[in-house]
Amino acid sequence: MAKKTKAASTATLEPAATPRMLEHYMQTVRPQLAEKLEQSNPHAIPRLEKVVISMGVGAAVTEKKYLDEALGALAQIAGQKPIATISKAAVSGFKLRENLPIGCKVTLRGDRMYEFFDRLVAVALPRVRDFRGLSATAFDGNGNYSLGLSEQGVFPEINPDRYTRPQGMNITFVTSAETDDEARELLVAMGLPLKKQGEGDAAA
């Protein structure tokens, strides 16, 4: 009788598709920036390094369920498990104690970062009511850009029947750019709808 042997698995994993926004950066944006910024060193061309999404949930001080809802919504939006953020100081007027969970955040890198950027630009921002573009001046002086959204429902991943309480968020794009002007060139080339400098800011 032939000895039984464990059959070797022949299944192979298909390689994950390259995010559309990463392809756009590599094939179109990076060559454009290299020419415009007169950079021959590919490592010196500005790029996205990470995206940080955070939610402040002040109501969690009295109702923990609001933080649980925010954690669930942020996980749906980011495709990655967020962490709770903790208060650093006590504020008696707000009934806030030190080391109390009052928000959540997630940091995206690599493919998830580019996929989120794509969904934000192509789907979420166009769903913002009366949207006329983002502020062109919300840079921090170090090549990073932040924007705020007033509620999470602009992302199609959010089920409005499950997440009924509006929850705002802050999104920060951390780039390798050395100046705000270089970061602006990068983000505009990638499709972030920034207003032209001098135009009034829009509230998202």
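The values are calculated or read from the model by the stated rules, or taken from the named source; none is laboratory data. Source: prediction; values computed, not measured. Reconstructed Cβ throughout: ideal geometry from the backbone, glycine too, with neighbour counts over all protein chains shown.
Summary of values
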item	result
Any pair with Cβ under 8 angstrom, 6 or more apart, that starts in region 150-178 at a residue that is at positive phi and ends at one that is surrounded by 20 or more Cβ atoms within 10 Å (Cβ to Cβ)	none
Neighbours by Cβ (under 6 Å, 6+ apart or cross-chain): first from region 110-134, free of Cβ contacts under 8 Å to residues at least 40 places away in the same chain; second small (G, A, S) and surrounded by fewer than 17 Cβ atoms within 10 Å (Cβ to Cβ)	R112/G79
Test: residue in region 101-118 that is at pLDDT 90 or above, surrounded by 17 or more Cβ atoms within 10 Å (Cβ to Cβ) and among the small types (G, A, S)	no
Any hit, region 17-32, residues being modelled with pLDDT under 95, over 15 Å from E115 (Cα atoms) and not small (G, A, S)	no
Test set (1) under 19 Å from L71 (Cα atoms); (2) at pLDDT 90 or above; (3) surrounded by fewer than 15 Cβ atoms within 10 Å (Cβ to Cβ) - T164 fails condition number	(2)
Scope region 18-76; condition surrounded by fewer than 16 Cβ atoms within 10 Å (Cβ to Cβ), of a type in the set (K, R) and either under 19 Å from the mean Cα position of the chain (by Cα) or part of a loop (DSSP other than H, G, I, E, B) (or both); matching residues	R20, K50
